[in-house]
Amino acid sequence: MLAMQQQFRQQERRQAVDPRHLLASLRAHATGLPNDDVFASMLATWYSGGGALPRCLGLSDPQFGALLQRHFPGFVPPTRDDGDDLELERAPERDDLLALMVDNRAGNDPSEEWMAAIVVAGCMGNDHLWQDLGLWSRAELTALMERNFPALAARNDRNMKWKKFLYKQLCNGEGVYVCRAPSCEVCADFDHCFGEER
Ligand code: SF4
């Protein structure tokens with residue numbers, strides 16, 4: 001009997017951090033607001049230890065709590081390690097990216113500001129942006145960009161990799177961060193910026 005109870009508890013713990021189980025639970029609590037779907041994907045991955053997002057997805061504690069309350073009221077999060085804090089030395093880079101995102105937000109929904117901060121936190125990771133954000137496909141990221149930052153998304157008319165695209169916008173403004181050539185056509189890094197993102 002005791003062995004069965006332990007087995008049951010172990011199964012419950014495994015299910016609690018299974019991203020598919022978490023995703024289903026988050027979706028069951030979703031309020032039907034814009035961005036519920038992508039926040040659910042990110043949170044399911046983050047709670048199960050995937051992706052590259054830091055503590056609270058890169059939000060402050062109050063922002064993170066407000067996001068859960070607004071989009072998934074009643075959802076009982078599993079316990080997990082807090083995760084890494086954002087690296088202090090990259091704060092200026094994050095500030096530049098955040099200004100870019102916030103300046104280009106659609107202005108339709110309060111969650112766009114949280115989304116901007118989360119996308120910027122994802123840019124600090126080492127993989128493709130959709131993977132670092134804990135999304136389940138690149139298409140989710142493209143839809144997120146088009147919904148929350150439509151003017152910015154429209155500028156990516158050559159289907160550039162999203163992280164490279166965002167940094168390229170900073171290069172266009174101030175010539176910093178990634179670009180070593182005056183134009184993409186003559187740049188040795190062309191394939192890194194425009195290759196497939198999967
Ligand atoms: S291809 Fe070269 S110039 Fe174009 S965005 Fe990439 S690094 Fe910058």
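What follows is calculated from the coordinates using simple rules that are stated; it is not laboratory data. The structure displayed is predicted, hence computed values, not measured ones. Neighbour counts are summed over all protein chains in view; Cβ atoms, including those assigned to glycine, are modelled from backbone coordinates with ideal geometry.
Among residues other than residue 189 with Cβ under 14 Å from its Cβ, the summed charge is +3 (Lys and Arg +1, Asp and Glu -1).
Kirkwood radius for the chain, taken over all pairs of different Cα atoms as the inverse mean of 1/r, rounds to 17.9 Å. Taking amide hydrogens as placed 1.01 Å from N in the peptide plane, the amide H of residue 133 sits under 5 Å from those of 52, each at least 5 positions away in sequence or on another chain. The long axis of helix 19-29 is offset from the longest Cα principal axis of the chain by roughly 80 degrees. A dipole drawn for region 91-198 from +1 and -1 charges on Cβ atoms has a positive end, and of 129, 97, 117 the residue lying farthest that way is 129. Once both labels are positioned 7 Å from their Cα atoms along Cα-to-Cβ, the gap between residue 103 and residue 171 label points is 1.8 nm. For the Cα atoms of the chain, what angle does the longest principal axis make with the long axis of helix 91-103, in degrees from 0 to 90, nearest 10? Taking Cα atoms only, the helix is inclined about 90 degrees.
Taking a cut-off of 19 Å, what percent of all Cα-Cα pairs in region 93-198 are separated by more than that?
Working: 2222 of 5565 pairs.
Here the tail beyond 19 Å accounts for 40 percent of pairs.
Shown here for region 15-97: GluC sites (Glu not before Pro) in loop regions (DSSP other than H, G, I, E, B) with at most 12 other Cβ atoms within 10 Å, namely 87. Rounded to the nearest Hz, the phi-derived 3J(HN,Hα) couplings of region 31-48 under the Karplus curve 6.51 cos²θ - 1.76 cosθ + 1.60 (θ = phi - 60°) are 8, x, 8, x, 6, 3, 5, 6, 4, 4, 4, 4, 5, 4, 5, 5, 5, 9, where x marks glycine and proline.
Against the chain, whose longest principal axis is taken from its Cα atoms, helix 138-148 shows a tilt of about 70°. Pair-distance distribution of region 18-113: all C-alpha pairs, bin width 5 Å, starting at 0; shares per bin in whole percent are 2, 13, 21, 24, 21, 12, 7, 1. The trypsin sites (Lys or Arg not before Pro) found in region 129-191 that occupy coil by DSSP, while having at most 11 further C-beta atoms within 10 Å, are 158, 180. Between residue 143 and residue 157, residue separation times 0.36 nm minus the direct Cα-Cα distance comes to 3.6 nm.
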